[in-house]
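Q: Sharing a structure with you now.
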Amino acid sequence: MADSRERIRGPPRDGREFFTSPRQVLRRLMLLSEGRQYREAAGVVGRLGPSVLRSVIAELPIDLLLEHLPHSAYLLESFFTRLLTLNPSPKPEVPIEEVVWQLVRLFSHPQESGMRQRCSKLIQAISQFEPNLRHTLRDRRKSFDNAVRGLGVHGLTTDPAGHLISLHVALKTELQRHIDIYKMAIHKLEELNTSITNQDPAHSSHQRLLAINYGDIQQRLIANKTLLTMVDKPALKQLAFLVDNLSQRVENDKEVLKCVGQIKRLDGQACIEKRSAAGLLMNFAQGCETVLQLMGPESVPTSNGSGSSSCSDGYHSDDSANEETSEMVNQYRILYMENRADALEALDGLSQLKHVQDLKAKILFSIIVLSFRLCHGLRERKVMEVRRTLNCPLDSSNEIALALDRSVRAHLHETANTFPVGEIERSVFSQVLSTLHEYPSLESCPALTHFVSSSVRLAWRMINQKSPYFLDNDFNLGFLRPEKHDRHPQADRRSDLIKSFLWPALMQNNHCVFKAVVAT
């Protein structure tokens with residue numbers, strides 16, 4: 001036992017063979033690690049030359065050190081610190097992502113006392129050795145956050161009467177309505193076309209069409225108008241909205257399963273079958289956030305020109321970003337306080353809505369929620385379109401693909417004020433009209449059109465910020481929570497039970513920056 005301890009603690013007197021033979025260095029590091037003498041092992045690494053260091057890293061069983069984190073953090077840090085000091089060229093291949101994701105896994109679980117302090121220097125050394133890992137972590141954290149938000153859109157939808165029902169019931173009802181109308185249309189076509197079922201193609205030649213008389217044209221118009229009236233009904237336009245909703249839910253669930261699969265590969269002990277997906281994703285998002293925080297502030301290269309910007313990626317400095325954040329939240333407040341009030345006043349003037357007071361508030365609430373949802377979908381489609389154009393796999397998560405995504409998002413951020421969003425405005429307005437087809441006067445309400453335009457344009461700017469804004473999709477009618485709900489001035493102050501949502505809460509970085517307005 002004494003001999004074994006002597007082998008661990010006592011290096012050869014001359015030290016030459018020890019510091020020049022990679023095999024001897026590796027053996028000594030393993031012996032010290034087995035005895036959990038990581039500081040002594042780090043001292044050995046700190047005296048290695050470039051060639052020996054490269055050979056040792058190539059043979060180092062990194063998985064054994066990762067299993068002993070956070071205790072082995074000191075030794076792992078010494079490797080990255082020594083690499084930074086020697087700066088060998090080319091860089092040796094280090095399984096640095098394995099180290100980072102092991103740290104993320106550790107910080108996603110309840111932490112040991114002092115673990116942040118033990119791992120902070122290791123994480124800072126990693127961020128200096130491979131700065132691009134910061135972007136990878138941010139993207140992965142955002143994907144986890146987006147997946148959690150996607151879980152919240154599987155709630156109830158509205159039927160043409162404005163009642164809340166499940167999406168499957170709404171689809172079944174809508175499809176049955178289509179079937180009934182299409183059966184009637186087919187029957188009508190059979191009545192109209194009994195005499196021309198096997199018509200000679202020559203009868204539809206250009207010369208024959210120019211030779212038909214007034215009575216034939218009149219009869220053709222009546223037949224086509226009858227068919228158009230049957231199949232071009234506002235009630236039939238609800239199906240497109242429901243299909244889009246279903247498509248969004250499918251994509252959201254695919255993203256959730258993709259993220260959970262990534263976590264399963266990172267942490268074989270995650271027990272994904274027994275844990276809620278949201279809890280699992282939020283824990284790993286928090287792990288990513290903790291590692292990002294411990295990396296410290298991102299170093300930005302300074303520009304030589306006095307008048308040039310210091311931000312090469314197109315984003316603003318911290319001061320201007322803070323000013324823009326305050327301005328964006330203020331615009332959201334104005335949309336609620338002023339634009340919404342103008343739209344409500346205009347809706348009050350519509351005779352068809354005179355006796356449905358609650359419906360008017362629900363219309364405006366639906367518009368702002370739908371605006372954010374469709375703008376988010378448009379942004380993701382634009383990112384995917386660039387990938388398709390450049391033949392980049394849609395499910396790729398390598399650094400080149402992620403860098404491409406960041407460039408597209410940076411461009412969308414810079415052009416947010418001028419980007420054409422007329423398609424989204426028309427889509428929001430048409431979905432509202434098709435859902436409320438029994439109130440045709442909505443189509444000729446200028447204030448409502450203006451409110452849709454203002455909502456969509458602000459939503460597009462907000463979701464394309466460097467730190468995107470999103471709406472809190474938790475619309476459960478539970479009890480009022482002061483940290484995220486504001487009671488409407490005309491609501492019942494004796495009750496804390498929420499009866500309805502009048503305006504959604506605005507979130508940024510999982511913090512509420514504008515509380516939801518609720519009626520109690």
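The values are calculated or read from the model by the stated rules, or taken from the named source; none is laboratory data. Please read these numbers as outputs of a predicted model, since none were measured by experiment. Cβ sites come from the backbone with ideal geometry, for glycine too, and all protein chains shown count toward neighbours. SASA here: full protein model, heavy atoms, side chains in, ligands and nucleic acids out. Shrake-Rupley method; radii C 1.70, N 1.55, O 1.52, S 1.80 Å.
Q: Out of the residues in the range 423-465 that are assigned to a loop (DSSP other than H, G, I, E, B) and at pLDDT below 90, state the one that is surrounded by the most Cβ atoms within 10 Å (Cβ to Cβ). Before you say what the answer is, go through the steps one by one.
A: Applying the first criterion (assigned to a loop (DSSP other than H, G, I, E, B)) to the range 423-465 yields 436-439, 445, 464-465.
Filter again for at pLDDT below 90, leaving 436-439, 445.
Details: LEU436: 24, HIS437: 17, GLU438: 12, TYR439: 19, CYS445: 17.
The selected residue is LEU436.
Q: Okay, next question. Within the range 482-499, does at least one residue satisfy the condition of being buried (at least 16 other Cβ atoms within 10 Å of the Cβ), part of a strand (DSSP E or B), touching a helix residue (DSSP H, G or I) at 6+ places or on another chain (Cβ under 8 Å) and on the phi < 0 side of the Ramachandran plot?
A: no
Q: Continuing with the same structure: Being in contact (Cβ under 8 Å) with a residue 60 or more places away in the chain and over 20 Å from LEU137 (Cα atoms) is the filter; apply it to the range 252-282 and report the residue that is least open to solvent (accessible area, probe 1.4 Å).
A: So the residue we want is ASN252.
Q: Could you check CYS392 against (1) without any contact (Cβ under 8 Å) to a residue 24 or more places away in the chain; (2) in a helix (DSSP H, G or I) and say which number it fails?
A: Status for CYS392: all satisfied but (2).
Q: Examine the range 160-175 for a residue that is at pLDDT below 85, surrounded by 13 or more Cβ atoms within 10 Å (Cβ to Cβ), not in a helix (DSSP H, G or I) and not hydrophobic (A, V, I, L, M, F, W, C), and state whether such a residue exists.
A: For the range 160-175, residues at pLDDT below 85, surrounded by 13 or more Cβ atoms within 10 Å (Cβ to Cβ), not in a helix (DSSP H, G or I) and not hydrophobic (A, V, I, L, M, F, W, C): present.
Q: Please determine, by comparing only the residues of the range 94-143 that are outside any helix (DSSP H, G or I) and more than 24 Å from the chain's Cα centre (by Cα), which one is nearest to PRO468 (Cα to Cα).
A: Narrowing the range 94-143 to residues outside any helix (DSSP H, G or I): 94-95, 108-114, 130-132.
So of that shortlist, the ones also more than 24 Å from the chain's Cα centre (by Cα) come out as 94-95, 110-114, 130.
Details: VAL94: 33, PRO95: 32, PRO110: 28, GLN111: 29, GLU112: 32, SER113: 33, GLY114: 33, GLU130: 26 Å.
Checking each candidate, the answer is GLU130.
Q: Something else about it: Which one of these does VAL104 not meet: (1) modelled with pLDDT of 85 or more; (2) open to solvent by 20 Å² or more (accessible area, probe 1.4 Å)?
A: Single failed check for VAL104: (2).
Q: Specify the residue that is farthest from the chain's Cα centre (by Cα); the eligible residues are those in the range 144-155 that are open to solvent by 40 Å² or more (accessible area, probe 1.4 Å) and at pLDDT 75 or above.
A: Applying the filter and picking the extreme gives LEU151.
Q: Still on this structure, please answer the following. Hey, any hits in the range 409-418 for a residue that's buried (at least 19 other Cβ atoms within 10 Å of the Cβ), among the polar types (S, T, N, Q) and at negative phi?
A: No, the conditions are met nowhere in the range 409-418.
Q: For the range 500-515, what are the residues that are open to solvent by less than 50 Å² (accessible area, probe 1.4 Å) and either assigned by the TED database to the domain that holds ILE368 or of a type in the set (S, T, N, Q) (or both)?
A: SER500, GLN508 - these are the residues of the range 500-515 that are open to solvent by less than 50 Å² (accessible area, probe 1.4 Å) and either assigned by the TED database to the domain that holds ILE368 or of a type in the set (S, T, N, Q) (or both).
Q: One residue is enough: does the range 14-33 have a residue meeting the conditions closer than 30 Å to ARG265 by Cβ and open to solvent by 70 Å² or more (accessible area, probe 1.4 Å)?
A: Kept after step one, since they are closer than 30 Å to ARG265 by Cβ, are these residues of the range 14-33: 26, 29-30, 33.
With the extra rule that they be open to solvent by 70 Å² or more (accessible area, probe 1.4 Å), the set shrinks to none.
No: the range 14-33 contains no residue that is closer than 30 Å to ARG265 by Cβ and open to solvent by 70 Å² or more (accessible area, probe 1.4 Å).
Q: Contact list please: Cβ distance under 7 Å, first residue in the range 43-56 and closer than 10 Å to ARG82 by Cβ, second residue among the small types (Gly, Ala, Ser), pairs at least six apart or on different chains.
A: Note: pairs meeting the criteria are VAL45/SER78; GLY46/SER78.
Q: Would you be able to say whether some residue in the range 431-447 is touching a Pro at 6+ places or on another chain (Cβ under 6 Å) and small (Gly, Ala, Ser)?
A: yes
Q: Kindly evaluate VAL369 against the criterion of being closer than 30 Å to PHE501 by Cα, modelled with pLDDT of 90 or more and part of a helix (DSSP H, G or I).
A: Working: closer than 30 Å to PHE501 by Cα: yes; modelled with pLDDT of 90 or more: yes; part of a helix (DSSP H, G or I): yes.
Spelling it out, VAL369 is indeed closer than 30 Å to PHE501 by Cα, modelled with pLDDT of 90 or more and part of a helix (DSSP H, G or I).
Q: A further question on this structure: Please go through the range 390-422 and pick out each residue that is of a type in the set (S, T, N, Q) and at pLDDT below 85. Before you say what the answer is, go through the steps one by one.
A: The first filter runs over the range 390-422 and keeps only residues of a type in the set (S, T, N, Q), leaving 391, 396-398, 407, 415, 417-418.
Once the filter is applied, which keeps residues that are of a type in the set (S, T, N, Q) and at pLDDT below 85, the range 390-422 yields ASN391, SER396, SER397, ASN398.
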